[in-house]
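Engineer: Below is the structure I would like to discuss, written out as structure tokens.
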Amino acid sequence: MVYAFQLPSTGHLSLQTSLVSSSHPSLPQAASTARHALRQALKDHKRLPRGAQRDSNLPSILTAATDYLPYILTISKALNTTPLDPNSPALSVDITLRTDVQPEWRPTLTANTATRALKHAPPRVRGQGIDFEIAFVLTTMGYVLSRMAHSGVVRTLYNRTTPTPDQRTVAVQTATKHLLQASAVHTLLASMPAVPTSGTADGSVLPDLDPATQNALASLALAEATLLAVLKDDSYVAACIQARNPSDKDWMVRAPEIPKVRAHLFARLCLRAAEYADRAGAGLGAVHGAGGKAGIDDDLMGYVAALGRVARARACRFFGVDAELAGKIGEGIAWLRAAKAALGVRGAQTDEKETKSRGLSRLKQGWMERREERRMEKDAGSRDYNEKGELGPGDNAGREEEGRVIEMLETKWVRMNDTINTQLIPPSADLLTNLPSGRDIHSPPGPYKIPMLDEEQLGRMRAPPMEDDLGLSSDLDSDEDLGVRSATPGGFPERTDSAYY
């Protein structure tokens, strides 16, 4: 599936108090106006209840970030005396720095066990310079693109009305486009110089903005996009979701259709996704915060590890499907048991002798697996969508769904083998060690190109600035830090649904 990143929030910043332009006097104020729109969109997103309302607010945040980036890129180039357009040397902007620009942003990937245990939002971090601002705006854009991909897939596949193949294809293709754009954004951030946090004596870099983190996030987006290419034509997952849907009535008319798939190709794609996930996990594990402490939050680390396991298990499952289609059902069962071992399913059977378990031991195994599923539903990222009485995706990495598909196929194939084919089941212990290499389906995108202000926009900023109507207030930053807001005058404050923003 796709990881649902938490979006950062930012404090008030008036650029016209720190910058002055002799050639384009209105530029600092126009940049502050665009920044205010982005900040307000992030605050509105935080105050909305989880679910469809937040998902529908994501495009407005993406638009605000896209509109704001050209302004701060123009300011950055002017401060560094870099030409705005190499083809137009006459196009230049003169900006003088009055005071240091010190934006404040609240990180969401940095591990902070103290505030997390107390259910408090992590503190904002003050940066130094306009490059810190650019880095966090780009990071926010990457998170928004990933969340849009996540919501599009989840809302389509786990709808009360079972989606048609065309609807699934459109949802997956749109999500893939968002993920490739997110990978391009993180690739650009990885190529930018590291921005140290303000006030740190050792010049340490915030883990969220570390180039190793951004490289890892770019690989993670490629892993998710590769798995989505497989999910688009994976009728086994679609049939499993349809069977769990309490609102679906198609089973009264006909059984789900399972067309033949290009199983070997899908297996190679899944292996490539596992390689990307392993690369992302290694990169995130190498990031450390100040003082040598762990830098990246455990939720993301656990998701990346689970995604790698799911990708390998799915590859083994497709190798099993390929063997079953060739009439080798015994080998197919062995591949399914290898998939369970790769997935980390408790009590996975990897040897022929273990299939002889009967009686109380088999009941105990089934009870332990059901308890593991309930634990995953409670602890994983399905809290947004697993409301009571509704179909939910389980954990965001797809581990639960893949386990159900493997169990469904193994039950069916073992019954067929016991009654019809009676083929020997080879040992599955060595299958995971002899997996082939993966295969790419998406070319890694190049770095994202931030759009520039055109000559017409710059020309309008040669006029003197208008009266500042934004004010210099912080817009109740104290309420935002506490995560509370008043529901009715004189009433008790209403706590927002999440404090991790």
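The values are calculated or read from the model by the stated rules, or taken from the named source; none is laboratory data. A quick note: this is a predicted structure, and the numbers were derived from the prediction, not measured. Cβ atoms come from the backbone with ideal geometry, glycine included; neighbour counts cover every protein chain shown. For the accessible areas, the whole protein counts, side chains as well, though only heavy atoms, and no ligand, DNA or RNA atoms are used. Shrake-Rupley method; radii C 1.70, N 1.55, O 1.52, S 1.80 Å.
Engineer: What distance in nm separates the two pseudo spin-label positions at Ile420 and Gln53, each 7 Å out from Cα along the beta-carbon direction?
Structural biologist: With each label placed 7 Å out from Cα toward Cβ, I get 5.2 nm.
Engineer: Pull out the extension gain between Ala194 and Ser235, defined as 0.36 nm times the separation in residues minus the alpha carbon to alpha carbon distance; nm, one decimal.
Structural biologist: Length gained, Ala194 through Ser235: 10.4 nm.
Engineer: For a quick protection proxy, order the peptides 67-77, 439-449, 454-464 by their average other-Cβ count within 10 Å, most packed first.
Structural biologist: 67-77, 439-449, 454-464
Engineer: Please state, as a whole number in µm²/s, the translational diffusion coefficient that the Stokes-Einstein equation yields for segment 1-70 at 25 °C and 0.890 mPa s, with Rh defined as the Kirkwood radius across alpha carbon pairs.
Structural biologist: In µm²/s, the coefficient is 181.
Engineer: In what order, largest first, do His288, His36, His186 sit by accessible area if the probe radius is 1.4 Å?
Structural biologist: Ranked from most to least accessible, the order is His288, His36, His186.
Engineer: Using a probe radius of 1.4 Å on heavy atoms only, what accessible surface per residue do you get for segment 429-468? Whole Å² is fine.
Structural biologist: 76
Engineer: Within 10 Å, count the other beta carbons around each residue, average over each peptide in 411-420, 310-319, 205-214, and list them highest first.
Structural biologist: The densest-packed peptide leads the list: 310-319, 205-214, 411-420.
Engineer: Which distance in nm do the two modelled labels at Thr96 and Gln40 give, with both placed 7 Å along the Cα-to-Cβ direction?
Structural biologist: Simple spin-label model gives 3.2 nm for this pair.
Engineer: Considering only Cα-Cα distances, which of the following residue pairs are longer than 26 Å: Lys328/Lys412; Lys46/Lys449; Lys340/Lys412; Lys260/Lys328?
Structural biologist: Lys46/Lys449
Engineer: Write down the accessible area per residue of segment 98-239 in Å², having rolled a 1.4 Å probe over the full set of protein chains.
Structural biologist: Accessible area per residue: 35 Å².
Engineer: Among the GluC sites (Glu not before Pro) in segment 259-341, which ones are in a DSSP loop with at most 15 other Cβ atoms within 10 Å of the Cβ? Mind listing them?
Structural biologist: Those that pass, being in a loop and sparsely packed, number zero.
Engineer: Would you tell me the accessible area of Thr82, worked out with a 1.4 angstrom probe on the heavy atoms of the protein chains, in Å² to the nearest 10?
Structural biologist: Using a 1.4 Å probe on the heavy atoms, I get roughly 70 Å².
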